[in-house]
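Nothing in this text is a laboratory measurement; each read-out follows from the coordinates by a stated rule. All of these numbers come straight from a predicted model, not from anything done at the bench. Here the Cβ is made from the backbone with ideal geometry for all residues, glycine too, and neighbour counts use every protein chain on show.
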C-alpha cells in the first residue's frame, strides 16, 4: 500500500514540476493566444473554428498565418501548404529529442509530439537526460502550455467583438519577451551567453542590411555553428 502511495506521490510531484516549468511559456501564451483569438474573429473565422485551431493545430505562427490568409480569401490548398512549410521545423526539433525518448511507448510519443512547440522544445532541451525518467513532467509541461494557449484564445474570442485593434495593446511584444525569458534560463555558460549575443548582433545587422525574411535563420545557424566550434575547442 505504501508503494502505491509513494508512486502516486511521485507522479503528482512530476506533474506539478512540469506545470511550474511551463510558467514562462504561460505568461507569453495567454496574451499571444488572446491576440490570435481577436484577429481570428476579425478575419471572419467562426468562434468554433478559432477554438478548434488552438486545440487541434496548436501552432502559434501557423495559426496567425492561416488567419491572415483566411482574411485575404486565400484558397484552402494554399493555406494548408503554407502552414505545412512553416511547421517543417518541428521535424528537426522532434528528431533532436528522439534519442532521449527511446524508453517511451508510442502512445506517449504521439501525445508528446502533438504538443511540441518552439517554446516547449526550448525547455525540454535544457533537461534532455531527464526526459526518459520524467515522462509525466514532460507531458505536464506540454499540457500546461497548450492549456494556457487555449485559455488565451477563449479570452480573445470573447473580446473580439469589443476590441477594434490589438496593436495598441502591445501584445505582440509578449512573444519576444517570452523567448528572452527562455533564453536567459539556458545561458548556463559563457559560451552560450556569447553565442546568444553573437546571434542577436548578426540578426540585427542582417535585418538592417535588408535580409528581413531570413535574417533570424541565418543568424541562428552561424551563431550556433560558432558556439559549437568554441565548445568543442575548449573541451580539447
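Note on residue 225 and residue 188: the extension gain reaches 11.5 nm, defined as 0.36 nm multiplied by sequence separation minus the Cα-Cα distance.
Looking only at 158, 191, 67, which one moves most when the chain is put into a Gaussian network model with springs between Cα atoms under 10 Å? Its mean-square fluctuation being the largest, the pick is 191. A simple spin-label model places pseudo-atoms 7 Å from Cα toward Cβ; at residue 132 and residue 89 they are separated by 2.9 nm.
When the chain is treated as a GNM with alpha-carbon contacts under 10 Å, the residue of 115, 47, 188 showing the greatest mean-square fluctuation is 188. Overall shape of the range 188-236 was characterised from the C-alpha gyration tensor. The equivalent ellipsoid obtained from it has semi-axes of 24, 10, 6 Å, in decreasing order. Dividing the summed -39500 (n - 2.57) terms of all DSSP H runs of n ≥ 4 by the residue count of the chain sets its mean residue ellipticity at 222 nm at -24000 deg cm²/dmol. Placing dummy labels 7 Å off each Cα toward the beta-carbon, the span from residue 233 to residue 108 is 4.1 nm.
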